[in-house]
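J.: Sharing a structure below in structure tokens format, with a few things to ask.
The values are calculated or read from the model by the stated rules, or taken from the named source; none is laboratory data. Small disclaimer: the values here were computed from a predicted structure and weren't measured. Note that each Cβ is placed from the backbone with ideal geometry, even for glycine, and that neighbours are counted across all protein chains shown.
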Ligand SMILES: Nc1ncnc2c1ncn2[C@@H]1O[C@H](COP(=O)(O)OP(=O)(O)OP(=O)(O)O)[C@@H](O)[C@H]1O
Ligand SMILES: [Mg+2]
């Protein structure tokens, strides 16, 4: 039968078959009561199913893993994986199905049709995909997958982190899958190079840190790529921003303010940057610089650049700083830096300062004030021997607006500040909140209640710019409509909350 290994010793075998987990068990293995012959199998379920508690229980059963190991090892010994790799996924599954059914009969494994289907699905996932991760990868509602060693996997759904019943046979299987993921982008992860960033074919961002650095087994973190990235419209629907806030963001993007999106890990910075980039006109030349390409710009004139880590000999790295510097020679109209982490902050500010209005970047900080401090320290640590005051003046001359994203304790993501960089008072950079989010309470389910509002500032610093783009009336109307008055009829100011 096609797909079986030939006796030809020259026939290549697949380089990294997944998890040979334990020694094969030769004796017949029994799983619960048999209800049907193995060959009467129905086609595998196409879509991932929600696990019932019974299924979850079975997934945990050692017995199941023993059977799977037995069948899996027999399959690997039987099948010609190089030939299999040439088939499309449906044909390969069919081939595996035939052989697994035969193995089950030959080994005298007793199992129900449902069990056989589950086993088949698991084995196909192991051979053709990412093993136990497959059902999680197939779900679109998951934001992050966090594997902490073979037996513990968490996911983030709807802003909440929860434990799953997904487990790997052992750390070797997990490591094998990590290896398979990173090898697709030409990288390697092992004890000698235990940290690796990679990307799945669908664009999901992957980080692996292996033992001995990860003490309890390899840690794999996946930020799932969303095919349909959230748009400002959806952020409005989720309550992450109000209608007036949305208008304000659209105007800020449109009138070419230089924007820094600030936020903590997973707070929605990249999503927000993507939303803001949607406000850019179609005739502008945009250059994006990212560590791992995540942005999905819809404009026709975009050049996407990505940094490169060093190769196995430790050479050939291209840093973000080099990319941003190179950008300036590419006649950009807008420069977008996915995440500013280091000395490239200096080059981005330079770009913002020298005619590339409307450039944008994200950085990791918990408030607009902290974002200023972060930029300053990134530049200082980059070895530029500039006095603090000069750096601050540079920031004031470059950054127009800071948009703060936050993931609140109830799991919801909000835009908590739209803040202007106004100027300097003495040695201090002055900021002015235009738009804020106040938490006003908490409902019985622990969900936070709050409101977005403007702070009573009618003429932001970029007002003239808005006038130039004929957006000033919309700007004034949005700010006025978002005011919240106190008992005396005065708008609540910047720090009320
Ligand atoms: N306002 C929002 N409402 C609901 N989900 C959101 C919102 N913003 C972002 N998300 C989701 O949260 C997850 C993290 O978002 P994103 O990648 O933008 O965060 P980040 O701050 O860039 O993270 P990191 O620090 O890891 O780069 C994504 O799955 C995204 O779809
Ligand atoms: Mg991000």
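J.: Restricting attention to the range 143-166, which residues are within 16 Å of ligand 2 (Cβ to nearest atom), more than 16 Å from residue 217 (Cβ to Cβ) and either touching a helix residue (DSSP H, G or I) at 6+ places or on another chain (Cβ under 8 Å) or assigned to a strand (DSSP E or B) (or both)?
T.: 143, 144, 156
One line per residue, one yes/no per condition, for (1) within 16 Å of ligand 1 (Cβ to nearest atom); (2) over 16 Å from residue 256 (Cβ atoms):
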site: 327; (1), (2): no, yes
site: 330; (1), (2): no, yes
site: 334; (1), (2): no, no
site: 364; (1), (2): yes, yes
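J.: Follow-up. Whether any residue in the range 268-279 is in contact with a strand residue (DSSP E or B) (Cβ under 6 Å, 6 or more places away or on another chain), away from ligand 2 (no atom under 16 Å from the Cβ) and assigned to a helix (DSSP H, G or I) is what I want to check.
T.: No: the range 268-279 contains no residue that is in contact with a strand residue (DSSP E or B) (Cβ under 6 Å, 6 or more places away or on another chain), away from ligand 2 (no atom under 16 Å from the Cβ) and assigned to a helix (DSSP H, G or I).
J.: Inside the range 280-313, can you point out the residues that are within 16 Å of ligand 2 (Cβ to nearest atom), part of a loop (DSSP other than H, G, I, E, B) and either more than 18 Å from the chain's Cα centre (by Cα) or over 26 Å from residue 417 (Cβ atoms) (or both)?
T.: Once the filter is applied, which keeps residues that are within 16 Å of ligand 2 (Cβ to nearest atom), part of a loop (DSSP other than H, G, I, E, B) and either more than 18 Å from the chain's Cα centre (by Cα) or over 26 Å from residue 417 (Cβ atoms) (or both), the range 280-313 yields 292, 293, 307.
J.: Residues 392, 369, 374: which one is within 16 Å of ligand 2 (Cβ to nearest atom), out of contact with any helix residue (DSSP H, G or I) (no Cβ under 6 Å at 6 or more places or on another chain), at pLDDT 95 or above and farther than 15 Å from residue 288 by Cα?
T.: 374
J.: Scan (1) under 22 Å from residue 290 (Cα atoms); (2) in a strand (DSSP E or B) for the single condition residue 187 breaks and write down its number.
T.: So the condition that residue 187 fails would be (2).
J.: Okay, next question. Search the range 288-301 for residues being out of contact with any helix residue (DSSP H, G or I) (no Cβ under 9 Å at 6 or more places or on another chain) and away from ligand 1 (no atom under 16 Å from the Cβ), and hand back the single one that is farthest from residue 332 (Cα to Cα). Full working, then the answer.
T.: Start the filter on the range 288-301 by keeping residues that are out of contact with any helix residue (DSSP H, G or I) (no Cβ under 9 Å at 6 or more places or on another chain), which leaves 292-293, 300-301.
This time we only want the ones that are away from ligand 1 (no atom under 16 Å from the Cβ), so: 300-301.
On the way: 300: 14, 301: 10 Å.
Only one residue tops the list, namely 300.
J.: Ok, one more. Among the residues of the range 80-90, is any touching a strand residue (DSSP E or B) at 6+ places or on another chain (Cβ under 7 Å) and either buried (at least 16 other Cβ atoms within 10 Å of the Cβ) or farther than 26 Å from residue 61 by Cα (or both)? Give the steps one after another, and end with the answer.
T.: Of the range 80-90, the ones touching a strand residue (DSSP E or B) at 6+ places or on another chain (Cβ under 7 Å) are 80.
Subsequent filtering for residues that are either buried (at least 16 other Cβ atoms within 10 Å of the Cβ) or farther than 26 Å from residue 61 by Cα (or both) retains 80.
Scanning the range 80-90 turns up at least one residue that is touching a strand residue (DSSP E or B) at 6+ places or on another chain (Cβ under 7 Å) and either buried (at least 16 other Cβ atoms within 10 Å of the Cβ) or farther than 26 Å from residue 61 by Cα (or both).
J.: If you don't mind, another one. Filter the range 474-497 down to residues that are outside any loop (DSSP other than H, G, I, E, B) and surrounded by fewer than 18 Cβ atoms within 10 Å (Cβ to Cβ), then give me how many there are.
T.: Number of matching residues: 7.
J.: Of everything in the range 66-116, what is under 12 Å from residue 128 (Cβ atoms) and part of a loop (DSSP other than H, G, I, E, B)? Give them in sequence order.
T.: 87, 88
J.: For the range 38-54, indicate whether the set of residues that are part of a helix (DSSP H, G or I), at pLDDT below 50 and within 28 Å of residue 153 (Cα to Cα) is non-empty.
T.: For the range 38-54, residues part of a helix (DSSP H, G or I), at pLDDT below 50 and within 28 Å of residue 153 (Cα to Cα): present.
J.: Also: Out of (1) under 29 Å from residue 264 (Cβ atoms); (2) out of contact with any strand residue (DSSP E or B) (no Cβ under 6 Å at 6 or more places or on another chain); (3) buried (at least 18 other Cβ atoms within 10 Å of the Cβ), what's the single condition that is false for residue 168?
T.: (1)
J.: While we're here: Any residue in the range 336-349 that is outside any loop (DSSP other than H, G, I, E, B), out of contact with any helix residue (DSSP H, G or I) (no Cβ under 8 Å at 6 or more places or on another chain) and surrounded by 20 or more Cβ atoms within 10 Å (Cβ to Cβ)? Steps first, please.
T.: Narrowing the range 336-349 to residues outside any loop (DSSP other than H, G, I, E, B): 336-337, 344-349.
Now narrow it down to the ones that are out of contact with any helix residue (DSSP H, G or I) (no Cβ under 8 Å at 6 or more places or on another chain): none.
The answer is no; no qualifying residue exists.
J.: Just to confirm my filter: which strands (runs of 3 or more DSSP E) fall fully inside the range 388-473 and include at least 3 residues that are out of contact with any strand residue (DSSP E or B) (no Cβ under 9 Å at 6 or more places or on another chain) and loosely packed, with under 15 Cβ neighbours inside 10 Å?
T.: none
J.: Please identify the pairs in which a residue from the range 246-264 that is closer than 16 Å to residue 419 by Cβ and touching a residue at least 40 places away in the same chain (Cβ under 8 Å) has its Cβ atom under 6 Å from the Cβ atom of a residue that is in a strand (DSSP E or B) and more than 16 Å from ligand 1 (Cβ to nearest atom), counting only partners at least 6 apart or on another chain.
T.: So the pair list comes out as 252/401; 257/401; 259/401.
J.: Of all residues in the range 207-262, how many are assigned to a loop (DSSP other than H, G, I, E, B), more than 10 Å from ligand 1 (Cβ to nearest atom) and in contact with a helix residue (DSSP H, G or I) (Cβ under 8 Å, 6 or more places away or on another chain)? Break it down into steps so the answer makes sense when it comes.
T.: Here is the first cut: in the range 207-262, the residues assigned to a loop (DSSP other than H, G, I, E, B) are 210-218, 224-231, 238-242, 255-258.
Then keep just the ones that are more than 10 Å from ligand 1 (Cβ to nearest atom); that gives 210-218, 227, 231, 242, 255-258.
Subsequent filtering for residues that are in contact with a helix residue (DSSP H, G or I) (Cβ under 8 Å, 6 or more places away or on another chain) retains 210-211, 217-218, 231, 242, 255-258.
Within the range 207-262, residues that are assigned to a loop (DSSP other than H, G, I, E, B), more than 10 Å from ligand 1 (Cβ to nearest atom) and in contact with a helix residue (DSSP H, G or I) (Cβ under 8 Å, 6 or more places away or on another chain) number 10.
J.: Let me ask something else about it. Name the single residue that is nearest to residue 317 (Cα to Cα) among those in the range 190-206 being in contact with a strand residue (DSSP E or B) (Cβ under 7 Å, 6 or more places away or on another chain) and not in a strand (DSSP E or B).
T.: Initially, the range 190-206 is screened for residues in contact with a strand residue (DSSP E or B) (Cβ under 7 Å, 6 or more places away or on another chain), giving 194-200, 204-206.
The next check asks that each one be not in a strand (DSSP E or B); those that pass are 194, 200, 204.
Values: 194: 17, 200: 21, 204: 22 Å.
Residue satisfying both the conditions and the ranking: 194.
J.: What is the one condition in (1) surrounded by 18 or more Cβ atoms within 10 Å (Cβ to Cβ); (2) over 22 Å from residue 395 (Cα atoms); (3) in contact with a strand residue (DSSP E or B) (Cβ under 9 Å, 6 or more places away or on another chain) that residue 238 does not satisfy?
T.: It fails just one condition, (1).
J.: What number of residues within the range 429-458 are in contact with a helix residue (DSSP H, G or I) (Cβ under 8 Å, 6 or more places away or on another chain) and either at pLDDT below 95 or under 19 Å from residue 242 (Cβ atoms) (or both)?
T.: Step one: filter the range 429-458 for residues in contact with a helix residue (DSSP H, G or I) (Cβ under 8 Å, 6 or more places away or on another chain), giving 429, 431, 433-435, 452, 454, 457-458.
Next cut, either at pLDDT below 95 or under 19 Å from residue 242 (Cβ atoms) (or both) only: 433-435, 452, 454, 457-458.
Residues that pass the stated criteria total 7.
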